[in-house]
Structures are given as structure tokens and as C-alpha cells.
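Encoded as C-alpha cells, the structure appears first; notes follow it.
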Amino acid sequence: MKIFNPATAELITTLEADTAESLSEKIRLLRLGQKEWSATDLAVRITILQRYALLLSKNIEALSAILSSETGKPLQQSVNEIKGACARIDWLTANAEKYLRPEWMVEEGGTKEKIVYEPLGVVANISAWNYPYLVGTNVFIPALLAGNAVLYKPSELASLTGLQIQKYLHEAGVPANVFQAGIGAGDLGEMILEEKLDGYFFTGSYKTGKHIYEKVSKYMVPCGLELGGKDPLYVTDDITDIAAVAAGTADGAFYNNGQSCCSVERIYVHEKVYDAYLDAFLKEVASYQIGLPTEENVYIAALTRKEQVQLLMAQVADAVNKGASVALGGKQLNRAGNYFAPTVLVNVTHDMEVMKEESFGPIIGIMKVSGDEEAVRLMNDTEYGLTASVYSNNQSRAARIEEQLNVGTVYWNCCDRVSAALPWSGRKHSGFGSTLSHAGLRVFTRPKAWHLRG
Ligand code: NAD
């Protein structure tokens with residue numbers, strides 16, 4: 001498997017991909033290792049995974065360089081990602097005892113009752129490339145804490161990082177027969193679906209997620225899907241610091257080159273503040289420094305997937321054909337690598353792909369609305385349901401709007417953020433199930449109910 005640098009189009013290295021035989025052997029090993037791992041005391045598993053976070057921190061310079069080389073993201077954003085993963089591991093390990101230990105529900109009277117959280121067994125984690133450390137952490141850390149063995153398939157676009165994750169988990173003390181990375185592309189993913197495992201946890205696109213759900217339904221085991229989004233953001237007319245709101249919301253749309261599942265993908269602005277907001281937004285986006293991931297102060301670097309450049313060009317062409325105007329950018333940059341100019345489209349409508357289909361790139365449509373009612377209608381006019389945000393000086397007004405939104409996460413005066421303490425879950429085409437929080441620790445377990453008399 002050839003690994004390219006998306007910022008230079010140069011070949012970084014070639015890896016040997018897994019085959020059906022090597023995959024089966026890995027799964028055989030995981031089956032053997034899982035029993036012993038689940039019999040290890042939870043406190044020991046916690047210590048091992050805390051050691052893994054420590055190793056990531058210690059090696060952050062080398063790991064962020066590898067991550068940037070294969071994904072094209074600015075080096076500082078790679079550092080931020082690894083630090084973010086360590087913070088999530090801190091929360092998950094600090095709360096594992098509370099949510100994974102057996103719970104006594106009734107201790108008085110003739111019959112005592114308790115819940116024991118048993119691991120699922122050997123689970124697959126088929127993962128995405130956009131935040132490999134973060135989206136991986138959401139799955140394999142709680143899965144391992146709960147006593148499962150994990151077959152981890154990093155994206156083919158983040159394989160070098162996947163191998164580093166494996167290396168440091170093993171170095172931290174996770175036995176080799178408890179965590180195995182499978183290297184390969186979609187065909188390896190298909191081979192994993194042919195293997196009957198005890199759970200399938202996927203992070204990626206709606207299209208692949210739907211396919212996986214259909215394929216593994218026959219096994220009657222848990223399946224979690226963290227999929228894409230078309231996340232809306234609404235700027236009301238009572239905001240005061242327009243420049244700050246413009247800067248914060250632009251960051252929500254363009255951070256990681258817009259390649260976040262919870263990137264702001266469409267913006268609605270109250271007509272009373274539309275002109276001032278647009279002006280401030282354009283100034284902010286025009287100030288972004290574009291360059292190689294390794295250059296200092298670069299905010300926009302290369303897109304990870306080459307094909308995404310074509311998709312963005314098609315979205316711009318479709319929008320312009322239907323009456324949109326390009327206020328900024330709108331084209332591929334004339335340099336090596338997958339570079340697309342940060343793009344702002346105005347006069348957009350919901351007939352345009354850019355307002356309906358996930359863009360996953362540095363592009364945003366901004367639309368004027370007459371008030372809260374129209375904003376709610378447009379925000380809900382989507383197949384997706386991951387996150388939504390409202391900017392307003394009035395918390396009750398924002399809450400009234402957000403209660404009506406069919407999404408898993410709402411933000412008031414913030415956007416594009418994830419907290420380890422809260423469940424991360426999509427609705428509709430954004431998936432189902434939950435990672436993070438107490439829900440995301442227990443999702444990798446099967447509760448057993450004990451009724452004890454005597
Ligand atoms: P993708 O669906 O193309 O690939 C994801 C993984 O699935 C990869 O490892 C890939 O090799 C594998 N795969 C591909 N075809 C397969 C098949 N037929 N069977 C089994 N596995 C297969 O997605 P991507 O491009 O890696 O990631 C981007 C998408 O992920 C975006 O839609 C983004 O919004 C979404 N995402 C969601 C979240 C979330 O938490 N909701 C987080 C990050 C990314």
C-alpha cells in the first residue's frame with residue numbers, strides 16, 4: 001500500500017497490507033488474549049491506558065510530524081489533536097471505575113440485585129482519517145477499559161499513525177493479543193465484515209456506515225456508527241461583538257480544513273446583522289495563512305483526500321449555476337498537493353449541493369434569514385443530525401431554538417467541539433450509538449442482571 005504526502009504529492013513509504021489469512025490469524029490471537037485481559041483487574045487496565053497517554057505526550061513531536069505528513073494537516077493542529085486525545089483518555093480512565101464496576105441496585109431485603117458490565121468480546125474498530133487519534137480514542141480506549149480485545153483498522157490515509165498507536169499501546173502494556181491493527185483499504189474493511197466478531201464500531205461516511213450496518217446485521221451483535229454531518233450554525237440579530245462571532249464561527253468552519261465531522265457546514269444569519277457579519281467573516285477567512293503543514297502559522301494546508309478537490313469544485317459549479325456568488329476563493333490552488341482555496345459562497349439556497357451534501361472541505365455557504373422560525377426550518381432541512389449551534393446574547397432564545405433541532409449535540413455561542421464528559425452521537429444519516437461519557441464507556445459492555453437470594 002503506497003502512502004503519499006497530500007501536501008506535496010510525494011511518496012512517503014510503502015506498507016504491506018493485511019490479507020484474509022493474516023487478518024484471520026490476528027482475530028484468532030485476539031480471541032485468545034481477550035479472556036485473560038478481561039480477567040485482569042480494571043485498575044490494572046486503567047494504569048496501562050494512562051501509560052499509553054503518557055507515551056503519546058512524551059513522543060508528541062515525532063507523532064505529530066507523522067500525522068501531518070500523511071494527512072496534510074498543519075503541524076500545530078496535529079499537536080492539538082494528540083493533546084486532545086490525551087485529555088479524553090484522562091477523562092475515560094478517571095471515570096472507568098465509576099461506570100464499569102458492578103453496581104448494586106438493591107441491597108436490602110431477601111433478594112439482592114446487581115448489574116455486572118461484561119465486555120462484548122473481540123470488537124472491530126473501522127476508523128476514519130480526519131482525526132485518527134481522537135476518533136480512535138473514542139472507541140478503542142473505552143473498549144479496552146471494558147475488557148474487550150480490539151481489531152483496529154485505521155483508515156488507509158492514516159495507516160502510519162495507526163501503526164504508531166499500536167506501537168505505543170503495546171509499549172504501555174496492552175498485550176499484543178489484545179490490540180491488533182489491520183493495515184489496508186476498503187477491501188480489508190470488507191474482509192473484517194466477513195468475520196463474525198462481537199461488535200462493530202465504525203467512524204466514517206454515511207455511505208460506508210450504511211453498508212456496514214446492513215452487512216453485519218446478520219450477526220445480531222452491537223454496531224455503532226459515527227457518521228458525517230451537514231452541521232448548521234445560526235447567528236441571531238442580538239449578538240454584539242460581531243468580529244468575535246465571525247472569527248469563532250469561521251474557525252468552526254475552516255479548522256482542519258473543514259474536515260471535521262462537526263465542522264460548521266452551513267451558516268444562517270439574521271437579516272439585521274447579515275451585512276456586518278459577512279463583512280467580518282470574509283476579512284477573517286481572507287487572513288488565513290495557506291502553506292505547507294510544516295510552515296509556521298499555517299492555518300490552511302492540504303486536504304487529505306485528492307478526490308475531495310473535485311467534489312468541492314463540483315459543489316462550487318453547481319451553486320454558481322443555480323445563482324450563488326463566490327465571495328471568496330472557489331478554486332483549486334495552483335501548486336503541488338491537494339490545495340483548495342478557502343471558499344465562501346453567498347446567495348445560496350437549499351437547492352444547491354453545498355447546502356445539502358457534506359462538503360468536508362474549506363467551503364461554506366452563508367444564507368440570510370428573516371428570523372428564528374425560518375432558521376429552525378432550514379437547520380432541520382437535512383438528512384443529517386450531528387450538531388447545530390446558535391449564537392445569541394440570550395440563552396433562553398437559543399434554548400428555544402435548539403429544543404426544536406433534531407441533532408445529537410447543540411452548542412450555544414460555540415461550535416465544532418467535543419467533550420469527553422458528554423455523549424457523542426448522531427441522528428438520522430449521522431449514525432447512532434454513542435461514544436464518550438458514561439454512555440460511551442458502557443456501550444462496549446453487555447449488562448448482566450443478577451438476582452441473588454439466600
Ligand atoms: P470512509 O467511509 O470513506 O472510510 C472510513 C473507513 O471505512 C476507512 O477505514 C475505510 O478503509 C473503511 N471502508 C471503506 N469501505 C469499506 C467497506 N466496504 N467495508 C468496510 N470498511 C470500509 O470515511 P472517511 O473518508 O475515512 O472519513 C470521513 C467521513 O467520516 C466523513 O463523512 C466524516 O463526517 C465522518 N466522520 C464522522 C465522525 C463522527 O464522530 N461522527 C468523526 C470523524 C469522521
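Worth pointing out:
- Tabulated pairs, the range 197-216, first more than 22 Å from Pro132 (Cβ to Cβ) and in contact (Cβ under 8 Å) with a residue 12 or more places away in the chain, second within 10 Å of the ligand (Cβ to nearest atom) and part of a helix (DSSP H, G or I), C-beta under 7 angstrom, 6+ apart or interchain: Lys215/Leu193; Val216/Leu193
- Looking across Glu118, Glu156, Glu108, one residue alone is assigned by TED's automatic domain parsing to the domain that holds Ala62 and without any contact (Cβ under 8 Å) to a residue 40 or more places away in the chain. It is Glu108.
- Hits in the range 259-300 (condition: within 16 Å of the ligand (Cβ to nearest atom) and β-branched (Val, Ile, Thr)): Val264
- Thr382 being more than 30 Å from Met352 (Cα to Cα), of a type in the set (Val, Ile, Thr), within 15 Å of the ligand (Cβ to nearest atom) and under 23 Å from the mean Cα position of the chain (by Cα): no
- Inter-residue pairs, beta-carbon under 9 Å, first on the phi > 0 side of the Ramachandran plot and in the range 174-190, second of a type in the set (Asp, Glu) and within 8 Å of the ligand (Cβ to nearest atom), 6+ apart: Gly184/Glu156
- Residue check, Leu92 surrounded by 19 or more Cβ atoms within 10 Å (Cβ to Cβ), touching a helix residue (DSSP H, G or I) at 6+ places or on another chain (Cβ under 6 Å), within 21 Å of Ser159 (Cα to Cα) and touching a residue at least 24 places away in the same chain (Cβ under 8 Å): no
- Flag if Glu357 is outside the structural domain of Val150 (by TED's automatic domain parsing), within 14 Å of the ligand (Cβ to nearest atom) and not polar (S, T, N, Q): yes
- Filter result (buried (at least 23 other Cβ atoms within 10 Å of the Cβ) and farther than 23 Å from Asn59 by Cα) within the range 151-177: Leu151
- Hits in the range 88-128 (condition: part of a strand (DSSP E or B) and acidic (Asp, Glu)): Glu103, Glu113, Glu118
- Residue, surrounded by the most Cβ atoms within 10 Å (Cβ to Cβ), within the range 181-222, restricted to residues that are within 7 Å of the ligand (Cβ to nearest atom) and β-branched (Val, Ile, Thr): Thr203
- In the range 349-361, the residue that is surrounded by the fewest Cβ atoms within 10 Å (Cβ to Cβ) out of those that are in a loop (DSSP other than H, G, I, E, B) and without any contact (Cβ under 8 Å) to a residue 60 or more places away in the chain is Asp351.
The values are calculated or read from the model by the stated rules, or taken from the named source; none is laboratory data. Small disclaimer: the values here were computed from a predicted structure and weren't measured. No Cβ is skipped: glycine too gets one built from the backbone with ideal geometry, and neighbour counts run over all protein chains shown.
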